[in-house]
Amino acid sequence: MIRLTNEQWERIRKHFPEEHIGDGRPGRKPIPTRDVLEAVLWILNTGAQWHMLPQSYPNYKTVHRRFQTWCCNEILRRVLTDVANELRDKGGLDEEECFIDATFVMAKGGGSEIGTTKRGKGMKIMAIVDRHGLPLSVSTHAANHHEVRLVQLCFDFYMIEAKPENLVGDRAYDSDPLDEELRNDGIAMIAPHRCNRRKPATQDRRRLSRYMRRWLVERFFAWIQWQRRILVRWEYHPHNFLGFVQLACLIVLLRQF
């Protein structure tokens, strides 16, 4: 099971609000936030239902309520951004060469932001990773959207200030309008051409050698999918599922310190 070390907790505790009960008010004492977070990490790691939370953790209703509050207030996103920038300041992230890709997740819990594809109903997890395979952006979208149209939305969840100099993707990102749009932002899109492309080639073969390292983004997806709660979306609300994905990314980054 995932347990936070004291050092990891001290690094992120300032972002998590503690619950307080005023003096003289009846009621049970509030549950410490660290205990709640470790209970959520147990759900993330095992993929179990909320009511199956062991008795060694706080009541599952309290844990679920606090987790939903974090997701609605984008607390997990702020924590992830803060940790990513701290790691970059220490030289742990390198945005010179980044990789982008998406992975499909089945959705069986209903709710919004679910798209129908040949593989069934589900979502896409879009990710941008650096040259070490560490996440710089992660977002979730309905699966029926083409990845080319999700690139700019993916940058809305970008964690650090410096944009990538080179962005490497697969053939799904072979789009001249996308290349032009990213070029205006100072980003060079590197993607091999589709086999049925009719327009003149625009990619330099020497720069396409970076495509050989695209396995780094595939490895990142393998890392976060060790957390079983991400393999299938059971959450009705899409921001709750995004919260689990962000927690999985947070675990990856915290292990780099």
State, to one decimal in nm², a quarter of the convex hull surface area for the C-alpha atoms of the range 79-156, i.e. the direction-averaged projected area. 6.0
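Counting other beta carbons within 10 Å of each Cβ, put 165, 7, 86 in order, fewest first. Walk me through the intermediate numbers first.
Working: 165 12, 7 9, 86 15.
By the 10 Å Cβ count, ascending: 7, 165, 86.
Under 8 Å for C-alpha pairs, at least 6 residues apart: give me the relative contact order for the range 94-235, rounded to a whole percent. Provide the component values of the computation, followed by the final result.
On the way: 253 pairs, mean separation 39.8, N = 142.
Here the relative contact order equals 28 percent.
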Between residue 29 and residue 132, what FRET efficiency comes out of the Förster formula 1/(1 + (r/R0)^6) with R0 = 41 Å and r the beta carbon distance, rounded to 0.05? 0.45
In nm, spacing of pseudo-spin labels at residue 171 and residue 61 (7 Å Cα→C-beta vector): 5.4
Give me the base-10 log of I(q)/I(0) for the chain at each q in 0.07, 0.08, 0.09 Å⁻¹, Debye formula, one uniform scatterer per Cα, rounded to two decimals. -0.27, -0.35, -0.44
In degrees, nearest ten, helix 75-89 long axis to first principal axis of the chain (Cα): 60
With label points built 7 Å along Cα→Cβ from the Cα atoms of residue 104 and residue 153, find their separation and express it in nm. 1.7
What's the angle, to the nearest 10 degrees (0 to 90), between helix 60-72's Cα axis and the longest principal axis of the chain? 40
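Where does each of 210, 65 land when they are ranked from fewest to most other beta-carbon atoms within 10 angstrom? Kindly include the intermediate steps, with their values, before the conclusion.
Working: 210 16, 65 11.
By the 10 Å Cβ count, ascending: 65, 210.
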On a straight-distance basis, which lysines could pair with residue 163 in a cross-link, Cα separation under 27 angstrom, same-chain partners fewer than 8 positions away excluded? 14, 90, 124
Just to be sure I understand the model, the point goes 7 Å from the Cα along the line to the Cβ. What's the resulting residue 213 to residue 118 distance in nm? 3.2
For residue 118, the lysines lying under 27 Å Cα to Cα, once residues fewer than eight places off in the same chain are dropped, come out as 108
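Just want the ordering: 244, 99, from fewest to most Cβ atoms lying within 10 Å of their own Cβ. Walk me through the numbers on the way to the answer.
Values: 244 25, 99 28.
With the fewest neighbours first, 244, 99 line up as 244, 99.
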Convex hull (Cα only) mean projected area of the range 156-235, reported in nm² to one decimal: 7.5
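How long is the gain from residue 144 to residue 69 if the chain were fully straight, where each residue apart is worth 0.36 nm and the alpha carbon distance is subtracted? Show your work: numbers first, answer last.
On the way: separation 75, 0.36 × 75 = 27.00 nm, distance 2.84 nm.
That works out to 24.2 nm of additional length.
Any idea what the alpha-carbon Rg over 2.2 N^0.38 Å comes to for the range 94-235? Mind dumping the intermediate values first?
Numbers: Rg = 15.3 Å, N = 142, 2.2 N^0.38 = 14.5 Å.
Cα-based Rg divided by the globular estimate yields 1.06.
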Debye log10 I(q)/I(0) at q = 0.15, 0.22, 0.31 Å⁻¹ for the range 59-104, Cα point scatterers: -0.64, -0.85, -1.00
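We did not get these values from a lab; they are worked out from the coordinates using the rules stated. What you are looking at is a predicted structure, and each value in this text was computed from that prediction instead of being measured. Every residue, glycine among them, receives a Cβ derived from its backbone with ideal geometry; neighbour counts consider all protein chains shown.
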